[in-house]
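What follows is one structure encoded as structure tokens, with my remarks underneath.
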Amino acid sequence: MQIEKELAKVKPQKETLLTIGVFDGIHLGHQRLLTHLRDEARKKNWLSSVVTFKSHPKTVLSPENKLLWLSDMETRISLIRNLGIDVIVVLPFTSELARLTARRFVQLLKEYLKMRGLIIGPDFALGRDREGDAEKLRLLGREMDFSVEVIPPVVIDGQVVSSSAIRQALTQGDMKKAEKLFGRLFSLNGRVVGGDRRGRTLGFPTANLELKPEQALPSDGVYATIAHVGRELMPSVTSIGVRPTFGSGKRLVETHVIDYEGDLLGQRLTLDLVDKLRDEKRFDTVEKLKSQMGKDVEQARQILSERMK
């Protein structure tokens, strides 16, 4: 069985306090659960452990429903590690895994990960047909000698913090709400690839960011952003969309790093999205587009000068 082969590679040195989930985005709800897991594990002298998945269970169980990621696997692992988690186990979510009963899944966690306790969110369920809800897991825990603790959700402005709520904020271009739910700015990370260099001819050279097709993006428009150029943070303006003035049709993410004269081609670039300046718009002439781009840069300067102090 593939899951046993993957779990057998881990070999924790001590007993573990464990949580399981996708943890897409590592938002404030995830952060509360993971920091509680870390702190409780330290009290018991156990290892804090996270089991997460390479692919979202929904894409396996309902492949017709395309679900975009808020953060890629590399970013998720980095964020989880930064919270002080000892062991991170990344499993492929497969139809074989989906068919496991809750009892069998728990047996594997105890056998290979030395699980002594499980910390979960209120809507968590594991095993075939999601049979392993909190009540079922507590019954299994009493029988198999592991504890189960349910952490309540984080609520902000009357809304439960969730990955789906953040996706909704992104579709509305509401970066302030997304930041509030994340507990940090929403970021995009990718390699700078060659483009048609049209921005340079307009006086606003841009870096074209190559992103994975499953990466979630905010609504099309122009955004005030912070670019991570090496170790330096620089103000920038980022356009997301199809460039209707030039009719390219392909959705692009292009950023103009303000007052930067270097060459970013081939480098990895991280963009923190601070605020939406305007929707994408088609301009009748190139001159009108250049004029608007100048206004975008000045507006971004004002917004980011306060933010980056």
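The values are calculated or read from the model by the stated rules, or taken from the named source; none is laboratory data. Keep in mind that this is a model prediction, so the values were computed, not measured. Positions of Cβ are backbone-derived with ideal geometry, glycine not excepted, and every protein chain shown enters the neighbour counts.
Numbers for the structure displayed
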item: Residues located in region 32-66, provided they are over 15 Å from Arg116 (Cα atoms) and in a strand (DSSP E or B); result: Thr52, Phe53
item: Qualifying residue in region 144-158 (condition: touching a residue at least 60 places away in the same chain (Cβ under 8 Å), under 19 Å from the mean Cα position of the chain (by Cα) and within 27 Å of Ser49 (Cβ to Cβ)); result: yes
item: Failed item in (1) surrounded by fewer than 19 Cβ atoms within 10 Å (Cβ to Cβ); (2) over 29 Å from Thr225 (Cβ atoms); (3) at pLDDT below 95, with Glu149 passing the rest; result: (3)
item: Meets criteria (among the aliphatic types (A, V, I, L, M), surrounded by 16 or more Cβ atoms within 10 Å (Cβ to Cβ) and in contact (Cβ under 8 Å) with a residue 24 or more places away in the chain) for Leu70; result: yes
item: Scope region 15-30; condition surrounded by fewer than 21 Cβ atoms within 10 Å (Cβ to Cβ) and not β-branched (Val, Ile, Thr); matching residues; result: Glu15, Gly21, Leu28
